[in-house]
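Okay, so here's the structure we're looking at.
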Amino acid sequence: MNAITVEDGLVRIGSSRIPLIAGEIQFWRMDPETWEPAVKAARAAGVTMISTYMSWRRHEPEPGRYDFSGLHDPRLDVRRFLRICADAGAYVQLKPGPWICAEEEGGGYPDWLLARTELLVRDDAGEIVLGYNPPFQHPVPSSSDPRYLDAVDRWFAAVWGAVGDHVHPDGPVVALQLDNEPSVCFQDSMYRSDYSKASIAAFRQWLRERYADDVHAWRASWDDRALTDFDQAAPPRSPGIGTPAAPRGRLRPLGRGPGERPAESAAHARRNPHRHHHQRSGSLPIRARPAASLTWPSGIHASAQHH
């Protein structure tokens, strides 16, 4: 039986049942000669699963030039590391990103990707958003942009080509983690992101689907007789910022579909601003301080909130 399932809080791998608890060993930051002693030490301590990132920026330093065998840097020989784990009887959770955080430059995003400013997340004033925290802040590609998603598809295909034959039952890899933690590198507060062209296009498409291409129903919901086409729709912005958009007073009906209960009023949102940060599991409300002007890298001028 080769299936991997979760039963009663345990991971069942074949006939084994283990807790989903892993020990981190970042092979790409270590001398390869220390990999085996580290894995054996973890196993001796009772660790059954090793968790490790794969840094996109290191494995693909230039578009289409990959190193998974240590050809240019012996620390990148992921296949050797997986063989060591298998020989030690350790399972592996592999975390190929695309964003790994890990206090890695660019969060693991390749420099050549972040240099493509047309792909980057923007705030409601049109400034490039810097994700994560100082001193590791970096621009963030928009997950709404199909060009970015195409690059991720190619990266994941390359990763699978390198490690696919090391996946259970043929190898130790039993789990994959996509990205690292939620929320666009922690930049998910109201009006913070994402106002890139691709994201606004996705917002308009969402409205079309939400209102079943019925402009009249959408116009009635937004209470704006001047609206004649979904391409006129602009997402809510901070008061006084950018082009005309649905004012904050219209946030209540904005996301309401036919037959749904309205969301909380905009007035209530103003009285309770910290309840309206987009929350994910395990996240905490973020209290934003005034934005600061930063430069990263090569002259990219961006607005960054410090949390």
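Structure values in brief
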{"quantity": "Exclusive hit being under 24 Å from the mean Cα position of the chain (by Cα) and of a type in the set (A, V, I, L, M), set A217, A162, A226", "calculated": "A162"}
{"quantity": "Wholly enclosed helices (runs of 4 or more DSSP H) of the range 1-103 bearing at least 3 residues in contact with a Pro (Cβ under 9 Å, 6 or more places away or on another chain)", "calculated": "56-59, 78-87"}
{"quantity": "Odd one out for N180, checked against (1) surrounded by fewer than 19 Cβ atoms within 10 Å (Cβ to Cβ); (2) of a type outside the set (F, W, Y); (3) at pLDDT 95 or above", "calculated": "(3)"}
{"quantity": "Pair list, Cβ < 7 Å and 6+ apart or interchain, from the range 148-164 residues that are within 20 Å of V121 (Cα to Cα) to residues that are of a type in the set (A, V, I, L, M)", "calculated": "Y148/L119; A151/L113"}
{"quantity": "In the range 197-219, residue surrounded by the most Cβ atoms within 10 Å (Cβ to Cβ) [restricted to those that are outside any loop (DSSP other than H, G, I, E, B) and among the charged types (D, E, K, R)]", "calculated": "R210"}
{"quantity": "Total residues in the range 1-37, condition under 22 Å from V159 (Cβ atoms), surrounded by 15 or more Cβ atoms within 10 Å (Cβ to Cβ) and not aliphatic (A, V, I, L, M)", "calculated": "6"}
{"quantity": "Lone qualifier among V11, V6, V39 - being more than 30 Å from D67 (Cβ to Cβ) and in contact (Cβ under 8 Å) with a residue 40 or more places away in the chain", "calculated": "V11"}
{"quantity": "Number of positions in the range 121-144 that are buried (at least 22 other Cβ atoms within 10 Å of the Cβ), in a strand (DSSP E or B) and of a type in the set (A, V, I, L, M)", "calculated": "2"}
{"quantity": "Residue match in the range 145-152 (condition: surrounded by fewer than 16 Cβ atoms within 10 Å (Cβ to Cβ), modelled with pLDDT of 95 or more, in contact with a helix residue (DSSP H, G or I) (Cβ under 8 Å, 6 or more places away or on another chain) and in a helix (DSSP H, G or I))", "calculated": "yes"}
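Yes/no per residue for (1) buried (at least 16 other Cβ atoms within 10 Å of the Cβ); (2) farther than 30 Å from Y195 by Cβ; (3) touching a Lys or Arg at 6+ places or on another chain (Cβ under 9 Å):
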residue: V39; (1), (2), (3): yes, yes, no
residue: A45; (1), (2), (3): no, yes, no
residue: S51; (1), (2), (3): yes, yes, yes
residue: H59; (1), (2), (3): yes, yes, no
residue: L76; (1), (2), (3): yes, yes, yes
residue: A86; (1), (2), (3): yes, yes, no
residue: T117; (1), (2), (3): no, no, no
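The values are calculated or read from the model by the stated rules, or taken from the named source; none is laboratory data. The structure presented is a predicted model; accordingly, all values stated were derived computationally and were not measured. Counting neighbours? That spans all protein chains shown, and the Cβs are built from the backbone with ideal geometry, glycine included.
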